[in-house]
Every structure is written in C-alpha cells, then in structure tokens.
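Shown next, in structure tokens, is the structure this report addresses.
The values are calculated or read from the model by the stated rules, or taken from the named source; none is laboratory data. This structure is a prediction, so every number in the text was calculated from the model and none was measured. Cβ coordinates were reconstructed from backbone atoms using ideal geometry, including for glycine residues, and neighbour counts include every protein chain displayed. These accessible areas exclude ligands, DNA and RNA; they are computed on the full protein's heavy atoms, side chains included. Shrake-Rupley method; radii C 1.70, N 1.55, O 1.52, S 1.80 Å.
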Amino acid sequence: MTSPWTAGQVASVAPDAASLAAARKLAGSWSHAGSSGLALWGLCQGSGSKPYQAVVDLRGPAYKCSCPSRKFPCKHALGLLVEWSEGRVPSTDEPADFAAEWLSRREEKAENTGESGDEAPKKSPDPATAQKRADRVAGGLVELDLWITDQIRSGLAAMDTSWAGFDAVAARMVDAQAPGIAGTLRALAGIVASTENWPEKVLDELARLHLLVAAHQKLSELPEDLAHSVKAHVGYPVSTESVMESIPVKENWMILGSGITEEKRLFTRTVWMLGRNSKRWAMLLDFSHGSPNFATETPPVGFLLNADVHFYPGAAALRARMGATHGEPEPFTTMPFGSIDAALQQFTDALAADPWLRSWPAVISSVVPSFVDGSWFLVDESGTALRAEGDSDLLWKLLGISGGYPVTVCGTWNALALAPISVFTGGQVIVL
C-alpha cells in the first residue's frame with residue numbers, strides 16, 4: 001500500500017494555486033471515497049444533480065474526472081488527493097465500478113504498448129533504408145549550410161526574420177528528415193520577436209547550426225558517443241527497444257522536478273531525477289496526444305525510488321527511460337549539498353562533451369532568492385550570485401517560500417541564468 005502523500009507533494013501536481021485552494025474547499029463534499037493499492041476514487045457533489053466521479057492513478061500519476069474543467073488535474077482530482085493526504089480516504093479491497101473501468105483501460109493500454117509505455121517496438125530499418133535517410137539528411141544539411149552562408153554574407157539586417165521566413169527553411173529540414181534542426185529554426189522567429197539583442201543570439205544559433213552540419217559531414221570519424229549526440233540534435237530517431245537494451249544505471253533516484261507542457265495538443269511531461277549516490281542526472285520525457293494521460297509511471301516529486309534507468313546514447317547522456325524498479329518509492333527528507341561552483345563545473349563538463357547542449361540540471365544549496373535592480377539572483381553564503389530567470393510569478397513564489405532564508409533550489413542552467421524548477425525546504429520538495 002502506498003503511503004499517503006504530504007501536502008507538499010499534493011501541491012506539486014496542482015496546475016496553479018487557485019486550483020489547490022479550490023480543492024481544499026471541497027472537504028465535506030465527498031462520498032464513496034476509497035483507496036486500493038495505487039488508486040484513489042470518490043464522488044464529489046457539485047452544483048448539478050449528479051456528483052462528479054474522480055479517479056487518481058497514483059502510478060502516473062494520472063487523473064480522470066467527469067467534470068467539464070480543462071485544468072489538469074482538476075480541483076476534484078486535487079481535492080481527492082487532499083482528502084487522502086489528510087487521512088480521510090479509507091482503504092478498501094476493490095475500487096468502485098466507475099474507477100475500476102478506467103483503471104482497467106489504462107492497464108490494457110500499458111499491456112498493449114509494452115512495459116515502457118511507448119508504442120510496440122518496431123523492427124530496425126534495414127541498412128538500405130537507413131542509408132537512404134542518411135543521404136536525405138546530408139542533402140538537406142548542405143542546403144542549410146548554403147542558406148546560413150548567404151545570411152552571413154548579406155548581413156542579418158537583410159535577413160527575412162519573419163515567422164514565414166524561418167518556417168520555410170524549417171519545412172525544408174522536415175522534408176530532409178531533420179526535425180531537430182527544424183525546431184531550432186522555428187524558435188529563431190521567437191528570439192527575434194522577444195529579444196532586444198536578437199542579432200547576437202541569432203548569430204550564435206547560426207554558428208551552432210553550422211558546427212552541427214560540419215560534424216554531421218564527418219559523422220563516421222567522430223567518437224561513437226559524440227556521433228550519437230550529433231544525430232540526436234539533427235533529429236534521428238532512437239528506438240525505445242535499443243535504449244532498454246542498454247546497460248542500466250541502478251541507483252536511488254531522487255525525483256526533484258516535474259512539468260507538463262502542451263503544443264498543438266501534444267503534451268510533454270518532463271521529470272528530473274538525481275542519483276543520490278552517483279550525483280548523476282536523468283531526465284525522463286513522455287508524450288501523450290490529445291490529453292495528458294501518460295502511459296508510463298513515475299513517482300511524484302519528493303520521492304526516492306531505487307530503480308534501473310536506461311540512458312539514451314550521447315556524449316553527455318541525460319535523457320533516459322525508467323527500467324525495473326526495486327521496492328516501493330519512499331519520501332526523502334535530506335538533499336545532497338550542491339554549490340554554485342560545482343553546478344557551473346558540471347555544465348562546463350557537459351558542454352565540452354556535447355557542444356550543442358543548451359542547458360543542464362543543477363542543485364544549488366543554501367541560496368537566498370534576491371530581486372535587485374529589476375533582476376533576480378540566487379545568492380549563497382559567500383555572496384556569490386547566480387542570475388535566475390523564469391516567469392515572474394514563479395520567482396516571487398520562490399522568494400515567498402524562502403522567506404528570505406537559505407533554501408536549496410533545483411533548476412536548469414543555460415550559461416546565462418538558472419531557471420528554477422523546484423525548491424527544497426523544511427524536508428520537502430515544492431514544485432515551482
């Protein structure tokens with residue numbers, strides 16, 4: 001039986017503070033609530049004649065509710081978690097019918113798609129198909145390099161920096177089966193539209209792309225790990241089957257952050273984990289189309305899980321998939337120490353291995369969030385300051401949680417600033 005979550009763990013999955021506040025107001029509105037194994041369910045009386053049916057699969061976690069809310073999880077699913085965390089959900093042997101039906105469908109989906117939660121593993125393409133793709137990519141990158149050369153020769157002032165201009169080049173890269181590069185090109189329009197010093201940033205990106213083209217042209221001469229990194233940045237696919245066949249890293253993994261983003265109805269869940277003993281980072285990515293119901297299961301933030309983790313190949317391997325688990329996840333109350341200098345050195349080492357990296361996770365202990373002259377900083381005991389960036393509400397929330405006292409911050413460093421993901425204080429992790 002899974003131990004009830006703490007208040008901080010419930011807050012970590014809330015889409016916003018308003019939803020969590022609304023969830024807490026539902027106390028007393030529940031009936032037929034229960035928990036069994038790794039699931040919760042209950043009926044919550046709303047304004048209509050029929051109560052809302054809420055179900056939580058704790059293994060995702062994943063949520064189901066009959067209410068019309070577009071927030072995920074809705075206040076009813078959150079309210080059910082609040083009831084459970086406060087000891088008001090009794091344990092039963094069997095779930096209610098409405099919960100059992102949904103949970104059964106999730107089990108069937110997981111079985112049909114394999115243990116990894118992805119589509120059934122596909123057979124590796126034959127050498128002729130792989131060579132055909134490589135030739136197509138190479139041809140597209142030759143065109144890209146010519147386009148980059150033209151932009152530099154003509155000057156960025158003459159460059160078509162509209163969305164349509166970048167999208168036309170990106171579409172050619174999609175045709176050349178280089179989706180990773182296409183995504184980079186489309187992002188350039190956003191840089192131009194939102195950044196004052198956009199010429200400097202666009203020039204940096206063009207130089208990065210030129211280096212990637214040059215590396216791809218000498219792919220066979222590169223060390224194996226670096227060649228894998230080049231392919232990943234270009235957009236070559238890597239089968240889940242091949243990743244799961246790699247030698248796993250067995251560790252006590254601390255779940256330090258989680259977030260869900262959505263673009264054109266494609267939901268992406270990112271989970272950041274840190275090995276307690278090895279201090280190695282792992283990032284889990286899962287995708288779901290139409291709704292954020294992810295087939296794979298990860299413990300909530302703030303839990304420690306002994307598990308085998310399989311890394312995607314690369315010179316600075318970070319993305320990974322969860323393999324076999326050993327025992328039940330348990331909450332942790334202490335964090336390894338991490339200094340600003342150590343975080344910068346880790347990023348330097350990763351960037352030296354993979355020059356196309358844009359960011360790297362970091363944990364920084366005993367820092368105080370500070371707002372000075374319109375900019376945010378994380379300041380340690382020695383007075384060393386690291387610039388912080390992100391949504392203004394998020395950063396003010398971080399300051400409010402710290403109360404002006406030192407906290408431990410987990411985030412991603414991109415050589416310019418740290419984007420906070422979560423904060424560790426009072427023995428619990430709070431997702432920002």
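List the lysines whose Cα sits under 19 Å from the Cα of LYS264, skipping any in the same chain fewer than 8 residues away.
Hits, sequence-local ones excluded: LYS71.
Contact order normalised by length for the chain, with contacts defined as Cα pairs under 8 Å and 6 or more residues apart; what percent is it?
12 percent
Per DSSP H run of at least 4 residues, take -39500 (n - 2.57); add these up for the chain, divide by its residues and hand me the 222 nm value, nearest 500 deg cm²/dmol.
Taken over the chain, the calculation gives -12000 deg cm²/dmol.
Can you give me the relative contact order of region 190-348 as a percent, contacts being Cα pairs under 8 Å and 6 or more apart?
Relative contact order of region 190-348: 19 percent.
Any chance you could check the Cα centroid distance between region 266-281 and region 323-357 for me, in angstrom?
Cα centroid to Cα centroid, the span is 8 Å.
Could you pull the accessible area for LYS75 with a 1.4 Å probe, rounded to 10 Å²?
90 Å²
With springs only between Cα atoms under 10 Å, which of VAL249, VAL202, VAL363 fluctuates most in a Gaussian network model of the chain?
Looking only at VAL249, VAL202, VAL363, the largest GNM fluctuation is found for VAL202.
With unit charges on the beta carbons (Lys and Arg positive, Asp and Glu negative) and the dipole taken about the Cα centre of region 347-432, which residue among ALA415, GLN428, SER382 sits farthest to the positive side?
Of the listed residues, the answer is GLN428.
Charges at C-beta only: +1 for Lys and Arg, -1 for Asp and Glu. How large is the resulting dipole of region 282-413 about its Cα centre, in Debye rounded to 20?
Here region 282-413 has a charge dipole of around 180 debye.
When only Cα pairs under 8 Å and 6 or more residues apart are kept, what is the percent relative contact order across region 171-263?
Rounded, it is 30 percent for region 171-263.
Using a Gaussian network model of the chain with C-alpha springs under 10 Å, which one of ALA128, ALA415, ALA232 is most mobile by mean-square fluctuation?
Largest GNM mean-square fluctuation: ALA128.
To the nearest 20 debye, what charge dipole does region 198-325 have about its Cα centre, counting +1 at the Cβ of each Lys and Arg and -1 at the Cβ of each Asp and Glu?
200 debye
Reachable lysines from LYS218, Cα under 23 Å, same-chain residues fewer than 8 places away excluded?
Within the straight-line limit of under 23 Å, LYS218 reaches these lysines: LYS132, LYS231.
Return the FRET efficiency for the residue pair SER91, SER69: r is the Cβ-Cβ distance, R0 is 35 Å, and the value is rounded to the nearest 0.05.
0.80
From the residues PRO4, SER365, LEU80, which one has its Cα farthest along the dipole of the chain in the positive direction, the dipole being from +1 and -1 charges on Cβ of Lys/Arg and Asp/Glu about the Cα centre?
LEU80
At 1.4 Å probe size, with the rest of the protein present, what percent of the exposed accessible area of the chain is carbon and sulfur atoms? Could you put the intermediate results ahead of the total?
On the way: 11500 of 21610 Å².
Within the chain, the accessible surface is 53 percent carbon and sulfur.
Hydropathy first: keep DSSP H helices in the chain averaging at least -0.5 on Kyte-Doolittle, then drop any whose Cα extent along the axis falls short of 30 Å, and list what survives. Write out the running numbers ahead of the final one.
Numbers: long enough: 127-154 (40 Å, -0.28).
Helices passing the filter in the chain: 127-154.
Picking from LEU256, PHE287, SER242, whose Cα lies most toward the positive end of the charge dipole for region 234-302 (charges on Cβ: Lys, Arg +1; Asp, Glu -1)?
Projecting each Cα onto the dipole axis, the largest value belongs to LEU256.
For region 1-58 and region 124-173, what is the separation of their C-alpha centers, rounded to whole Å?
Taking the Cα centre of region 124-173 as reference, the centre of region 1-58 is 49 Å away.
Report the charge-dipole magnitude of the chain in Debye, nearest 20, computed about the Cα centre from +1 at each Lys and Arg Cβ and -1 at each Asp and Glu Cβ.
For this selection, approximately 660 debye.
Using a Gaussian network model of the chain with C-alpha springs under 10 Å, which one of ASP16, ASP286, ASP135 is most mobile by mean-square fluctuation?
Between ASP16, ASP286, ASP135, it is ASP135 that shows the largest mean-square fluctuation.
Here are labelled values, [x] 0.99; [y] 1.16; [z] 1.01, and one is the computed Rg/Rh (Cα atoms, Kirkwood Rh) for what I pasted. Which one?
Computed from the coordinates, Rg/Rh (Cα atoms, Kirkwood Rh) corresponds to [x].
Shape call for region 364-432 from the C-alpha gyration tensor, a ≥ b ≥ c root eigenvalues: rounded (a/c under 1.5), prolate (a/b greater than b/c) or oblate?
Note, shape of region 364-432 comes out rounded.
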